[in-house]
Structure formats: structure tokens, C-alpha cells
Amino acid sequence: MAFTEEKDGIFPAVCPLDCPDQCGLLLHKKDGKIIKVAGNPDHPVTQGNICNKVRHMTDRIYDKNRLQYPLKRVGRKGEGKFERISWDEAIQTIKDRWTDLIEQTGPESILPYGFYGNMGRLSAEGMDRRFFNRLGTSIQDQTICSAAGSKGYYYTMGGSFGTDPEETVHSKLFIFWGVNAVSTNMHQVALAQKARKNGAEIVVIDVHKNQTGRLADWFIPILPGTDGALALGIMHILFAENMADNEFLKEYTVGHDALRQHVIQYDPATVAGITGVPVEDIYRLARMYGQTSPSFIRIGNGLQHHDNGGMAVRTISCLPALTGQWKVKGGGAIKGNSSFLSHNVNALQRPDLRKNRNSRVINMNLIGQALLDKREPIRSIYVYNSNPAIVAPEGNKVRKGFERDDLFTVVHDLFLTETAMYADLVLPATSSFENTDFYTSYWHHYMQIQQPVIEPFGESKSNPDVFRLLAKAFGFQEEAFEQTDEQLIQQSITDVNNPYLKDVSYETFVEKQFIKADRSIGLLDNLPTPSGKIELYSEQMERDGFPPLPTYTPIIHDGDFPFLFIPAPNHNFLNSTFSNNEKHITLEKFPRLHMNEADAAKRSIENGDTVRVWNGRGECELVAAVGENVLPGVVVSQGLWADMPHTKSFVNSLAPDRVADMGGGATFFSGRVDVEKLK
Ligand SMILES: Nc1nc2c(c(=O)[nH]1)N[C@H]1C(S)=C(S)[C@@H](COP(=O)(O)OP(=O)(O)OC[C@H]3O[C@@H](n4cnc5c(=O)[nH]c(N)nc54)[C@H](O)[C@@H]3O)O[C@H]1N2
Ligand SMILES: Nc1nc2c(c(=O)[nH]1)N[C@H]1C(S)=C(S)[C@@H](COP(=O)(O)OP(=O)(O)OC[C@H]3O[C@@H](n4cnc5c(=O)[nH]c(N)nc54)[C@H](O)[C@@H]3O)O[C@H]1N2
Ligand code: SF4
Ligand SMILES: [Mo]
């Protein structure tokens, strides 16, 4: 019997959020409703522990403000006046408007804009991709999260391949580098805590002494955007003091001799001048790293949200090779591990359905600019799994773009988000617990399957179902649009061109619930870099216009404002998800600005004062948290707060939309601001 038909019981589920941990869940159902979301103790990595955010997920699923039926706008854009319509009317309106646009200016005047509000492979990159490929719309370059760092790591290692996190329990040294893991990767912290009982040490390198910094045995504050220099300083000492593993370097890397010469220039005094990390600490860290085995580095997303983020990750990712840690159980690094679970993406997304192979590509970090660009304008945008009016940089430009009267905007979401406020049509989305889908973690090595546990809320529909309806309205005849979710999953896990993943059947997947990538296959024997080795020197980078060896380049000077501003994520929201849920807001209290007491004193700012934060792009108001948790010259906010009448905490109005050095990545953390006390 399908789970949805059973009124009471406990059913397996997957956390759908954009979080590396991808926990296994158990949903407790009574009288047909979910009454409790708990961790699934059978999940080999997450083992029944989940975060507070998702423990309160039932509030979100049954929130009184959840969208139940399609809406059409009857007021001004942004005003929030809508009227209920039927699904038939909604789909017909989209069909008619898009048909006109395609006739007038071609399909590329339509832009899909989605991200990973639901990490399900079908929800985020299944029927949607098939449909937009077939329609021939513009292509969205999905760069907002980890594009720069993933590219940097790719140059060194050939893909998102790192340590099996389960093995890190054997490690003796954890370096959490630019990652607020207590909030963003709690099970990696749990593994580190376990290892700590066996003598492991935990080092945290961050611009903010947040929850993760406070847990460290040693917290190293660093100036924003200078991590590459610190890594080069460590390399300098590893080579100078003969701590490098020469055998490993010879067998498994290219370019170690060149690197050895190259890093002579990054002596500890020079590096201290760049990073703000004292010379003696650079020596201490390098010796700790050079002399401890196994050692493990968790490379965060935060440190790559900078102008030089790609190169920073590229540089740090060379470190485990210098000390031969890739051969040690529990040693190495993780930036991301998604490549171990790469499935049959072509079968799922069907790029072959696209006739206009050279369609224009729009970098999602530049959505504000793109919507305001008058040359070959975007005339319609379809937003799903994302909330760009809050999460995208240069937020004021983004909103100005969405205000355009001639832009036909459709937003599919569970809530009337800030972005939905600008929509012409709003479509209600099911929650992931109402869908069939499968999930592949970007940190641990397990795929998981989701079967629907409850019926769709109101008239809400899943992402794949909306695209099935649209395909039908457009009269697309291909079988690809008739296929069921089960068929899509089967196609995705068949003929996978990935040595770490064996084909499985849908039935086996359902029976097992968790399927692990096969790590008995040696990473070092399968590196998909051009040389088949770890590339300390990369000819490919040279061809792409980068220095072939890890090199420090400062972030771009962002105007004459005194502070570097880091608008980071917070503990109780997930990006902007939960920022509209009462319990999560109560837990987070209010949006703060952490600043150093010396800087605060100069401006007569005291703890708890409301401050105005501004630059040439925008302004917002936050509550000062004064102390020693950030270095002078740095201010840090936490959380992507929703628009509320009593807060003006739109931090992304201040963030730059310059693209990072690699992958078209985001530079949220390379902006500068000024701060004053509000009278
Ligand atoms: N609770 C919670 N969990 C989340 C999210 C959330 O919003 N809330 N978001 C999810 C998503 S989409 C992602 S991508 C991940 C992100 O999670 P993480 O990988 O942890 O990345 P961030 O939280 O962006 O930033 C991590 C840290 O980088 C620091 N930082 C900023 N600039 C620098 C720098 O130049 N150098 C160094 N060393 N540190 C720097 C910040 O102070 C912050 O503590 O978390 C996921 N999980
Ligand atoms: N200042 C600053 N800005 C940042 C960051 C930062 O650290 N600092 N982090 C950046 C990063 S790393 C990321 S990944 C982005 C994330 O940005 P987004 O991907 O926009 O993430 P969310 O804000 O969580 O919005 C996800 C939306 O998807 C909706 N949703 C959930 N499930 C479904 C579904 O099944 N179907 C549909 N149609 N909708 C669904 C949710 O209700 C929610 O409104 O933000 C970026 N923005
Ligand atoms: S948000 Fe992350 S830690 Fe929380 S339940 Fe989901 S996967 Fe687990
Ligand atoms: Mo992200």
C-alpha cells in the first residue's frame, strides 16, 4: 500500500534542503497528517540526528500561509494583491503569453530561474530541464552557490571527489576552513567530536568566531579573501622544513618541483602581512599540519564567495597532496563529494531535446543586470526552488528588474515569497514529502529515495507535474513528457557512466532506501584530471587564462568604505527558507551585525544599538553585536531575513554582483560598507 494511503505510521523520508548532510528522516503520521519529523537512525551517516530547523518542519508543511491554489496578480507588482484562479487558467495563460513571446522575439526571451530549494533530482533538474530544452528558452547558469570553488577544486582533482566523511572519524586533525559547520554541516562536526575523544584536534579558520569557531581547540581569525595566501605560506614551510611527502608527490602529482620553487616567495612574514595571521601561528599551523596524520580539511563555501574564491579553493585543495594524506584513511579534504554520485544526467535532463544548441546563457548572479538589460530583453521569467528577491546579490537591481511592467513573471513556490510578490502568476508547490524523488548528497556518499507520504496540500503540484502540464498545453508529443517519476528515477540510475556507482533498479532502491557509492575503487587510480594525477601545476588553467600554479591574488577593491562586509548564513534559517516561519524567527531573534569593539568605540556604537549599514549599492538596518568575534575592519551579518514591516534587513542590497575568478561564481563576501549608529 502506498504511504499516502496509510493514515498512521512511521515512514522514511529525506531532508530536501540544500544542506550537505542530507539526513535520513522518519515522518510520524497520525490521522493522515505528519505530526513529527525525526531523524532516521538507520541512515549510516546521519544516524537519527537532525537539526532544529527540520525538527520544526511540520510547522512549515502545515503553515496557515502555505499556498493552496494558483493566483493571478490584480494589484501593482510587489503590492501583494492576488486573486484565486484555476490551474487550467494558469496553464493556459502561460501557454498564451509564451506563445506570443516566442512568435515576437523567440524562445530565448524566456528565462527559467531555479535552484535547490528542493534538492530532489527530479524537482531541481528533471522534467523542468526537459521542458525548457524542448521550448528552447535561455539557459540559466547556476552559479550562486559553489561554482567558483568547485571549479578551483576541479583543476586540482578533476571533479568533486574528496574523503569519505565516514572515515574522518579516524582523523587526528580537523581543519574547518571557511565553513560554519556547526550550523551548516553538523554531522561533520559530530564525526570530529567523536575523533576528538581519541585525541584529535579541531582548528577553525574563519573571519568570524561563530558557533564553529567557539568549538575549536584553536581558532585562527583571518582577513577575508586571504585564505589562498595562508595555504601558500603553509606550503612554504612544509617544503622548507622537509615535511612534504616526496614519494607521494612523485607518484601521484604533477608540478611539485615547480610548486616548491614557486612558494619560496610566500614566506611567513609576507603571508602574515596579507592574512593578519601572526608569523608564529603560521609556523604552528604548518607544523601541526605537516606532522599530524591523518589530517582532514573541510573546505567551506564561505571562503569562496569572494573575487578570488576559485583560486583560494584551488590552492587549499593542493595541501593534502603535499603531505600524502590522500593515501591515509580518514585523511584528505572535502570541498564537495557530488561526483561520486553522478548519475545519468543526460537521460534525466534530455539536452538532446534542445534544437537551438547555442542558446544564450545567463549567469544567475547577474539576474538584476540581466532583467534591466534593454538589449535582447528577458520578457518572461519562471522562478522555482528559489527566492531571488532575497538571495541574489545587488538586490535593489534585482527588485527593480522584477518591477518591470512588461516582464511576465511566474513563481512556483510553497509560499508567497518576496519574489512571488512581483509575480503575474503564482503557482502552489507541494512539499518534498508529497513527492516521489531521489536525492544525492554533496557531502556523504549515499543516494536516498523519497516516496510520497502525504497527499498534496490543497491544489499544490510538484515541479515535474507542472512541467508535464505545460508540455501538454504546448502539444509536445515526445514520450519524455509522458514518463512517470518512477521512470525518471529508473532512467537516472541506469547506464551511469561513473565507476563509483553501479546501476540499480527502482525496486532495489526502494527496498534499500540508502545506496552508497563504492569507495573500494581507489580515488588516486581514477583521477579524471588531464594527467590522471593531482595537478599542482595545471596546464588546463594556463589555457583558461589562470596562473598554472596556486597563486594569491587579492580581492578587488570595492570602493572607499571602511569595512569588509560578510553577509553569511545563520543557524536557524536555510538561506531564505524558514525566514518566514515564526519558530525559526523566534530562535534567531533579530538580524545582527558583528563588529569589533575598537571599530564600534570609534563610532560610539554599543552592543544592541541599531545601526545603518550602507554602500553605493544599498543600505540596511541591523542590530550591533559588539565584541572580539571579528577582526577590526570586518563586519559580519548572519541570515537572509525576510521582508517584514519592522525590519529593514535586506543584506543583499549591499552585496556586489561581480563574478568570481572562476566558474562565474558569486562574490557575496567581497563587498565593502560603512556603518553608523542610528539616531
Ligand atoms: N543553518 C544553515 N545551514 C545551511 C545554510 C544556511 O543558510 N543555514 N545554507 C546551506 C547552503 S546553500 C550552503 S552553500 C552551505 C554553506 O555553508 P558553509 O560552507 O559553512 O559556508 P558559509 O556559511 O557561506 O560560510 C562559512 C564561513 O565562512 C566564513 N567566511 C567568509 N569569508 C571568509 C574568508 O574569506 N575566509 C574564511 N576563512 N572564512 C570566511 C564565514 O564567516 C562563515 O563562518 O550551508 C548549507 N547549510
Ligand atoms: N548574502 C548572502 N546571500 C546568499 C548566500 C550567502 O551566504 N549570503 N548564499 C547563497 C547560496 S550558497 C545559495 S545556495 C543561495 C540559495 O538561494 P535559494 O536557492 O533561493 O534558496 P532559498 O532562499 O532557500 O529559497 C528556496 C525556495 O524554494 C522553495 N521551494 C522549496 N521546495 C520547493 C519545490 O519543491 N518546488 C518549488 N517550486 N519551490 C520549492 C522554498 O519555499 C523557497 O522559497 O543563496 C545565496 N545567497
Ligand atoms: S537541514 Fe541539514 S542537518 Fe538539518 S535535517 Fe536537513 S540535512 Fe539534516
Ligand atoms: Mo549554497
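Here are some notes:
- Region 543-553 - phi-based ³J(HN,Hα) in whole Hz, Karplus 6.51/-1.76/1.60, Gly and Pro as x: 4, 7, x, 10, x, x, 9, x, 9, 8, 10
- Reduced Cα scattering model of the chain, Debye log10 I(q)/I(0), q = 0.06, 0.09, 0.10 Å⁻¹: -0.33, -0.77, -0.97
- With all protein chains modelled, accessible area of HIS343 [1.4 Å, Å²]: 20 Å²
- Pairwise alpha-carbon distances in region 3-61 exceed 12 Å for 64% of all pairs.
- Hypothetical label at GLU621: residues of region 363-401 whose amide nitrogen lies under 19 Å (7 Å Cα-Cβ projection): 396
- Calculated over region 563-677, the projected area of the Cα convex hull averaged across directions stands at 7.3 nm².
- Placing unit charges on the Cβ atoms only, positive for Lys and Arg and negative for Asp and Glu, gives region 421-551 a dipole magnitude near 380 debye about its Cα centre.
- Every helix of 4 or more DSSP H residues in the chain counts as -39500 (n - 2.57), and over all residues that averages to -8000 deg cm²/dmol at 222 nm.
- Less than 5 angstrom separates the built amide H of THR253 from those of ILE534, all sequence-distant by 5 or more or on a different chain.
- Eigenvalues of the alpha-carbon gyration tensor of region 148-335, scaled by 5 and square-rooted, set the equivalent ellipsoid semi-axes at 22, 19, 16 angstrom, largest first.
- Of all DSSP beta bridges in the chain, antiparallel share, percent nearest 5: 45 percent
- Per residue, the chain exposes 37 Å² of accessible surface when a 1.4 Å probe is rolled over the protein heavy atoms with every protein chain present.
- Cα centroid separation - region 70-107 against region 131-173, whole Å: 35 Å
- Angle in degrees between helix 186-197 and the longest Cα principal axis of the chain, rounded to the nearest 10: 30 degrees
- 5 angstrom amide H check on CYS145, placed H, neighbours 5+ away: none
- All Cα pairs of region 233-295, percent lying beyond 13 Å: 62 percent
- 5 angstrom amide H check on TYR113, placed H, neighbours 5+ away: TYR382, VAL383, TYR384
- Only Cα sites of region 72-157 enter the Debye sum here, all with the same form factor; the resulting log10 I(q)/I(0) across q = 0.19, 0.21, 0.26 1/Å is -1.12, -1.20, -1.21, listed in q order.
- Convex hull volume of the Cα atoms of region 472-595, normalised per residue: 337 Å³.
- Atom-type composition of the exposed protein surface of region 3-61 places 48 percent of the accessible area on carbon and sulfur (1.4 angstrom probe).
- From phi via Karplus (6.51, -1.76, 1.60), per-residue ³J(HN,Hα) for region 418-435 in Hz, x at Gly/Pro: 4, 5, 4, 4, 8, 7, 7, 10, 10, 10, x, 9, 5, 7, 4, 6, 9, 10
- Entry note, region 1-52: relative contact order of 28 percent, from Cα contacts under 8 Å with a spacing of 6+ residues.
- Helix 147-157 vs. the chain, principal-axis angle (Cα, 0 to 90°, nearest 10): 50 degrees
- GluC sites (Glu not before Pro) within region 385-490, DSSP loop, no more than 16 other Cβ atoms inside 10 Å: GLU459, GLU478, GLU482
- Globularity index of region 215-325, i.e. its alpha-carbon radius of gyration over 2.2 N^0.38 Å: 1.01
- Total charge dipole magnitude, the chain, about the Cα centre, Cβ charges on Lys, Arg, Asp, Glu only, Debye to nearest 20: 740 debye
- Table column - 3J(HN,Hα) (Hz), region 95-108, Karplus curve with 6.51, -1.76, 1.60, x for Gly and Pro: 4, 5, 4, 5, 4, 4, 4, 5, 5, 6, 10, x, x, 6
- Gain upon complete extension [GLN540, HIS28; 0.36 nm per residue less C-alpha separation]: 179.2 nm
- For region 104-152, the equivalent ellipsoid derived from the alpha-carbon gyration tensor has semi-axes of 22, 15, 8 Å in decreasing order.
- For the cross-link pairs LYS397/LYS461; LYS7/LYS583; LYS64/LYS461; LYS72/LYS95, the ones whose C-alpha atoms lie over 20 Å apart are LYS397/LYS461; LYS7/LYS583.
- Computed about its Cα centre, the charge dipole of region 563-677 is approximately 80 debye, with only Lys, Arg, Asp and Glu carrying charge at their Cβ.
- Cα-based Rg / Dmax (Å) for region 469-525: 16.0, 50
- Rounded to 10°, Cα long-axis angle of helix 463-473 versus longest principal axis of the chain: 40 degrees
- Positive-end extreme of charge dipole, the chain - chosen from GLY532, LEU593, GLY39 (charges on Cβ): LEU593
- Förster-model FRET efficiency, 35 Å R0, GLN291 and THR553, C-beta, rounded to 0.05: 0.70
- Annotation for region 1-30: trypsin sites (Lys or Arg not before Pro) lying in DSSP loop with at most 16 further Cβ atoms inside 10 Å of their Cβ are LYS7.
- Using alpha carbons only: equivalent-ellipsoid semi-axes of region 416-543, gyration tensor based, whole Å: 36, 22, 17
- Charge dipole (the chain, unit charges on Cβ, about Cα centre) - positive-most of LEU631, PRO16, PHE514: LEU631
The values are calculated or read from the model by the stated rules, or taken from the named source; none is laboratory data. The shown structure was predicted, so the numbers you read here are calculated from the model rather than taken from an experiment. So basically every Cβ, Gly included, is an ideal-geometry build from the backbone, and we count neighbours across all protein chains shown. Side chains are part of the model used for accessible areas, which takes the heavy atoms of the whole protein and leaves out ligands, DNA and RNA. Shrake-Rupley method; radii C 1.70, N 1.55, O 1.52, S 1.80 Å.
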